[in-house]
Every structure is written in structure tokens, then in C-alpha cells.
Amino acid sequence: MTSIQEKRLTAYAHGGGCACKIPPGELEQVVSGLMGESAPRGPGELLVGLDDGDDAAVVRIAAGVAVVATADFFTPVVDDAFDWGRIAVANALSDVYAMGGAPVVGVNLLAWPRDLLPMELAAEVLRGGLAVAREAGCHVAGGHSVDDPEPKYGMAVTGVADPDRLMRNDAGRPGVPLTLTKPLGIGVLNSRHKTTGEVFPQAVAAMTELNRAASEAALAAGAVCATDVTGFGLLGHLHKLARASKVTAVVDAAAVPFLDGARDALRDGFVSGGTRRNLDWVRPHLDGGAVSEDELLLLADAQTSGGLLVAGEVPGHPVVGELVPARQDGVTLVIR
């Protein structure tokens, strides 16, 4: 096992985790022609689709029952294979929790450079994913694999939800506070890990924490609007929520929590290209006031398996801002 454990998985990836997402602006151009299609014949009513870039698709299949469907996979974000599997599946499950649903079954998505990395390492990745799925009470039933020059792993997940109690990104209303359920800084710490090999247990703990409890607490508090904070950063995901809800979001930068070591990693230059692209994307819609560029980069930091951003108060988690009426100049984000 020594030779297997010495393999640095992050060395086989051009980037790490959700920072490898296609930039949001480019992605929206690609899918723009797919929106507004007429509904196909067949069972179910599509409640949430492509139009607002929500976290998962939702189809009502019966009175009181909706299916929630999503898929998420990415390159290694840490070198430990078991932890990478845990992180990837926690991240995939998060899309279901962000909609107010409960995961039911997942299928693995695995790309593996079989000529470069031992299959025993792939087994560790799958074992980590299975461990988190079991923690979530989610079945795992097979999946799909391909031989690929770059390792990638994740899961397609199907869940269920009450169609009358969904949390959507287009349901935000003025006067509602914003709650963040995990600290930021995962991206800069992962970038430091990829470059130096230094391990950050606080980042691994944050990424492997399920968003189940936060989702349940948000629903119990009556929340109807939420999203999870992943590859587009807090600013990118909040911009999408504010745009879809036709409101402006105000963020109190001083109230946003960060993981230990995040500011040090930023100071030392461990900022991913994905984070910089996030900030560039939202900048035309951003009133940053007197907030520094470094602070904006941290707020745009590309997260992997981050927390939920909920329009509403969630007990035990910090309020980081509020939704206000839409500005007429197209600004969706105000940082104070």
C-alpha cells in the first residue's frame, strides 16, 4: 500500500474540485439555446429546469411527490483517495439538499487513468464515496466508468421532495436575511494543498460535512429560497439567486465566516483561476464600495462542497446579509 499512498492525486489534475468548472458566463452561453423548449409527452411536470440555473432539476410525479435529479463530478481536490471520494459525493448530494430534498439513490461517475494510477486507488475513491452516501441514507447502485487521462469522480443522484416545500433560487424576496451555513476559504486552502502538499483538516472536515441538517433546519424555518455555494463562489451563486429572484443582495463582508488559514493562503497567492473568473463574471453587477480586492477574491473563492446560502434565518448559522428591492442599474450584489 505504500506506493499507492505516495501517489499525489492532485498532481494528475489541471485544477482541483469545483474550481475546474467551466466559467459561468461561458456555460450560460452554451445552454442558452436549450431553454424554453416545450414539454415532452410523458409522466411528470417539470418544476425546476434550466431557466434559472438552479442546483438540480425537479419533476412533480404525483400529488405531494417530486423527483430531484442532479449530477456532479470533478478532478481531485485532495491527495487522499478516500477523502476525495467522500468530498465528491458530499458535494453531489448537496444539490439535492439545496432544493429541500432528500437523496434516495446515486450512481457513480468515474474517469480513471488506468495506465498511470493503480486501480486499487480508484477503489479507495469509490469506498470514500460509498461511506458518505451511507451516512446520508442514500443507496448506491453501480454507475459508469471510462479510461481517461485525468482522474475524475462524482455521482448522479436522485432524490425526492415535497413539490410544495421546495427551496428554489428564484423565490427570494426583499426584506429577507441571508444565512450561510459553512465558512468560506475552501478554495484557497485547496490551492495551497495542491501546490505544497500541506494538508488542511479543517477544509476536509468542511467539505465532507453533509448539508442535510442545514437543509432540514432551513425548511423547518420556512425557507423557500436557497442555493449551495460551490464552484462559482459566494458572489457567483448569490448573483444567480438575486438575478433569478429579481432582487439585489447586500452582503456584510465582516459577517462572513472563513476557515482558519484562508486569509494566509490568499496573502501567499494561492488563488485559483476559477476564483478570478468568478469575480470577473460578477464585477459588472457588483457594487463593492470600499471593500478591498483581496476581500472580493475571498468572497468569490471557488468552493468545493460548500455550505447552503439560505434566504431566511437558520438557527445556529450566521446571517451574512439581506435581500433588498432590485436596483435599476443592474447591480445584483452590494458589498459593505
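The values are calculated or read from the model by the stated rules, or taken from the named source; none is laboratory data. All figures in this text were calculated on a predicted structure; none of them were measured in a lab. FYI the Cβ positions are ideal-geometry reconstructions off the backbone, even for glycines, and counts take in every protein chain you see.
Pull up segment 239-254, narrow it to residues that are part of a helix (DSSP H, G or I) and out of contact with any Ser or Thr (no Cβ under 8 Å at 6 or more places or on another chain), then point me to the one that is nearest to Gly321 (Cα to Cα).
Among those that are part of a helix (DSSP H, G or I) and out of contact with any Ser or Thr (no Cβ under 8 Å at 6 or more places or on another chain), it is Ala253.
For segment 61-79, what are the residues that are out of contact with any helix residue (DSSP H, G or I) (no Cβ under 8 Å at 6 or more places or on another chain) and surrounded by fewer than 20 Cβ atoms within 10 Å (Cβ to Cβ)?
Ile61, Ala62, Ala63, Gly64, Val65, Ala69, listed by residue number.
Does Phe270 satisfy the condition of being aromatic (Phe, Trp, Tyr) and either crowded, with 24+ Cβ neighbours inside 10 Å or under 29 Å from Cys138 (Cβ atoms) (or both)? Break it down into steps so the answer makes sense when it comes.
Working: aromatic (Phe, Trp, Tyr): yes; either crowded, with 24+ Cβ neighbours inside 10 Å or under 29 Å from Cys138 (Cβ atoms) (or both): no.
Spelling it out, it is not the case that Phe270 is aromatic (Phe, Trp, Tyr) and either crowded, with 24+ Cβ neighbours inside 10 Å or under 29 Å from Cys138 (Cβ atoms) (or both).
Give the residue, chosen from Leu296, Leu323, that is touching a Ser or Thr at 6+ places or on another chain (Cβ under 9 Å) and in the same structural domain as Val224 (by TED's automatic domain parsing).
None of the others qualify; the one that does is Leu323.
Within segment 189-202, work out how many residues are under 11 Å from Asp260 (Cα atoms) and either polar (S, T, N, Q) or in contact (Cβ under 8 Å) with a residue 60 or more places away in the chain (or both). I'd like the intermediate steps shown before the answer.
Going through segment 189-202, the residues under 11 Å from Asp260 (Cα atoms) turn out to be 189, 200-202.
Those left that are additionally either polar (S, T, N, Q) or in contact (Cβ under 8 Å) with a residue 60 or more places away in the chain (or both): 189, 200, 202.
The qualifying residues number 3.
Here are Val89, Val67, Val77, Val58: which of them is at pLDDT 95 or above, β-branched (Val, Ile, Thr), in the same structural domain as Arg134 (by TED's automatic domain parsing) and touching a Leu at 6+ places or on another chain (Cβ under 7 Å)?
Val58
Working only within segment 214-226, note down all residues that are over 19 Å from Pro325 (Cα atoms) and either among the small types (Gly, Ala, Ser) or not in a helix (DSSP H, G or I) (or both).
Across segment 214-226, the qualifying residues are Ala214, Ser215, Ala217, Ala218, Ala220, Ala221, Gly222.
Across segment 54-76, what is the total count of residues that are under 26 Å from Val314 (Cβ atoms), in contact with a Ser or Thr (Cβ under 9 Å, 6 or more places away or on another chain) and touching a residue at least 40 places away in the same chain (Cβ under 8 Å)?
Counting residues in segment 54-76 that are under 26 Å from Val314 (Cβ atoms), in contact with a Ser or Thr (Cβ under 9 Å, 6 or more places away or on another chain) and touching a residue at least 40 places away in the same chain (Cβ under 8 Å) gives 8.
Select, from Gly236, Gly187, the only residue that is within 22 Å of Leu50 (Cβ to Cβ) and either assigned to a helix (DSSP H, G or I) or out of contact with any Asp or Glu (no Cβ under 6 Å at 6 or more places or on another chain) (or both).
Numbers: Gly187 fails: within 22 Å of Leu50 (Cβ to Cβ).
Only one candidate passes the filter, namely Gly236.
Looking only at segment 280-294, count how many residues are surrounded by 15 or more Cβ atoms within 10 Å (Cβ to Cβ), assigned to a helix (DSSP H, G or I) and either out of contact with any Gly (no Cβ under 8 Å at 6 or more places or on another chain) or not β-branched (Val, Ile, Thr) (or both).
Residues flagged as surrounded by 15 or more Cβ atoms within 10 Å (Cβ to Cβ), assigned to a helix (DSSP H, G or I) and either out of contact with any Gly (no Cβ under 8 Å at 6 or more places or on another chain) or not β-branched (Val, Ile, Thr) (or both) within segment 280-294 amount to 2.
Test Leu297 against the criterion of being buried (at least 22 other Cβ atoms within 10 Å of the Cβ) and either out of contact with any strand residue (DSSP E or B) (no Cβ under 9 Å at 6 or more places or on another chain) or not in a helix (DSSP H, G or I) (or both), and give yes or no.
no
With Leu259, Leu241 as the choices, which residue is in contact with a Pro (Cβ under 6 Å, 6 or more places away or on another chain) and either in contact (Cβ under 8 Å) with a residue 24 or more places away in the chain or not assigned by TED's automatic domain parsing to the domain that holds Asp72 (or both)?
Answer to the check: Leu259.
From the list Tyr97, Tyr153, which residue is closer than 14 Å to Arg212 by Cβ, of a type in the set (Ser, Thr, Tyr) and in contact (Cβ under 8 Å) with a residue 60 or more places away in the chain?
Working: Tyr153 fails: closer than 14 Å to Arg212 by Cβ.
From the options Tyr97, Tyr153, the qualifying one is Tyr97.
Could we say that Gly233 is surrounded by 24 or more Cβ atoms within 10 Å (Cβ to Cβ) and on the phi > 0 side of the Ramachandran plot here?
yes
Could you grab me the full set of residues in segment 303-323 that are part of a loop (DSSP other than H, G, I, E, B) and surrounded by 23 or more Cβ atoms within 10 Å (Cβ to Cβ)?
Listed by number, the residues that qualify are Gln303, Thr304, Ser305, Gly306, Gly307, Val314.
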